[in-house]
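The values are calculated or read from the model by the stated rules, or taken from the named source; none is laboratory data. Quick caveat: nothing in here was measured; it's all calculated off a predicted structure. Cβ placement follows ideal geometry from the backbone for every residue including glycine, while neighbour counts extend to all protein chains displayed.
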Amino acid sequence: MTKTIRAPYRRGRGRCALEYAVGDRIVYPLHGAGVIEGVEQRDVLGRTEEYYIVRLIVGDMRALIPVSRADAAGIRPVADRARIEQALLASREVVETHAGYGERFRANNAKLRAGDVEAVAEVVGTLSRRQRQRGLSAGEARLFEQAWQILLSEVALSARIPPDRADAFLRDSVG
């Protein structure tokens, strides 16, 4: 049985540390930015739990995130435009390490999992430069595409623009 709650969700004891409401714009690390459309109760394995229903901007997918594990999942509010622009500027100045493929891949993957806009912008910046200079391996190309989509979705929600305009903005910013 599912029950959808349309009013703003307020946390109680044992809930996540942050409070999100319907309509809040959030970032779900490794998936991208989206809007909370509701909070729903679902019975899973005999246990009733509440879930945020999040409509992700890129890919037009929906994600269910357990309210009790939102903090552990790394859910955070969308960064404002100034912070995103600052992150993109800082990503241009990051010096690439001369680490091998495996070490680079693990470091970039860890940055994506961290979920903060500065780390994602850094991955986009370094992999974009590497792609122009030397090309990317198949694994790095997938990681670059994932980072690009995450950053693109956050730019689109932050600036309240369609994803195609956010893509053009990123292409101009990253170079």
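Being in a helix (DSSP H, G or I), hydrophobic (A, V, I, L, M, F, W, C), within 20 Å of residue 112 (Cβ to Cβ) and in the same structural domain as residue 88 (by TED's automatic domain parsing) is a description that applies to residue 170. Could you tell me whether the range 74-96 includes any residue that is in contact with a Ser or Thr (Cβ under 8 Å, 6 or more places away or on another chain), free of Cβ contacts under 8 Å to residues at least 60 places away in the same chain, among the β-branched types (Val, Ile, Thr) and farther than 19 Å from residue 113 by Cβ? There is no residue in the range 74-96 that is in contact with a Ser or Thr (Cβ under 8 Å, 6 or more places away or on another chain), free of Cβ contacts under 8 Å to residues at least 60 places away in the same chain, among the β-branched types (Val, Ile, Thr) and farther than 19 Å from residue 113 by Cβ.
Looking at (1) touching a residue at least 40 places away in the same chain (Cβ under 8 Å); (2) in contact with a strand residue (DSSP E or B) (Cβ under 8 Å, 6 or more places away or on another chain), find the lone condition where residue 66 falls short. Unmet for residue 66, out of (1) touching a residue at least 40 places away in the same chain (Cβ under 8 Å); (2) in contact with a strand residue (DSSP E or B) (Cβ under 8 Å, 6 or more places away or on another chain): (1).
Residue 39 meets the conditions (1) modelled with pLDDT of 90 or more; (2) closer than 30 Å to residue 164 by Cβ; (3) among the hydrophobic types (A, V, I, L, M, F, W, C) in every case but one. The failed one is (2).
Of all the listed residues (91, 137, 158, 173), the sole one being more than 24 Å from residue 25 (Cα to Cα), of a type in the set (S, T, N, Q) and surrounded by 12 or more Cβ atoms within 10 Å (Cβ to Cβ) is 137. Considering only residues of the range 87-128 that are in contact with a Lys or Arg (Cβ under 9 Å, 6 or more places away or on another chain) and under 19 Å from residue 74 (Cα atoms), which is modelled with the lowest pLDDT? Only one residue tops the list, namely 115.
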